[in-house]
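The values are calculated or read from the model by the stated rules, or taken from the named source; none is laboratory data. Remember, it's a predicted structure, so these values are computed and weren't measured experimentally. With ideal geometry, Cβ positions are generated from the backbone for all residues, glycine too; neighbour counts draw on all protein chains shown.
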Amino acid sequence: MTSDSDIIRRIRQGDKQEFEKLFRSSYVSLVRYAKTILRDHDTAEEIVQELFFRLWQDRQNLTIESSLNGYLYRSVHNRALHYIEHQQVVSRHAGEMTARAEVVSEPVTEAIYYSELQARVARVLERLPERCRMIFRMSRFEGLKYNEIANKLTVSLKTVEADMGKALREFKKALAE
């Protein structure tokens, strides 16, 4: 039986057969172990495959103080926990991005409704008779009082009130649609 230090030495020297033997003998049990942590078989396999890939890639720098088996299990354990932690960060970030998108979309939605409302107001104003339109604009857009409008247009206060009533009825009817 080959000792851990012999296996590590051979792998460090680039012995592919020794590496493949280690891979074949421990792959299934490492995947099972990773699956108990991750609850996902595919991810467990990816983590174990990545471990062996890195192990072979960095084989010249391989230094294992404990048992080889203990090293492999500890590595799988750490990689699985790191994966879970990374997924939590990704999930949290996605939640933050969704919340930001909702905050940004609310003003956009309000702007769309506002522009639609402005278009409706413009259409109603176009349908009104000219004097009625002028009286409405002076009242609502310029903030003039009815008696100020009557003086400016040299019409009676009752005419301003009647035209404003007519304009408001048209708006109510158009906005109810």
Quiz item: Within the stretch 32-50, can one find any residue that is in the same structural domain as PHE19 (by TED's automatic domain parsing), under 20 Å from SER5 (Cα atoms), in a helix (DSSP H, G or I) and in contact (Cβ under 8 Å) with a residue 24 or more places away in the chain?
Solution: no
Quiz item: Scanning the stretch 146-159 for residues that are touching a helix residue (DSSP H, G or I) at 6+ places or on another chain (Cβ under 8 Å) and not in a helix (DSSP H, G or I), which turns out surrounded by the fewest Cβ atoms within 10 Å (Cβ to Cβ)?
Solution: SER156
Quiz item: Name the residues in the stretch 135-145 that are crowded, with 17+ Cβ neighbours inside 10 Å and closer than 19 Å to ARG169 by Cβ, would you?
Solution: ILE135, PHE136, MET138, SER139
Self-check item: Of all residues making up the stretch 87-113, the number that are modelled with pLDDT under 70, among the β-branched types (Val, Ile, Thr) and farther than 30 Å from THR43 by Cα
Solution: 3
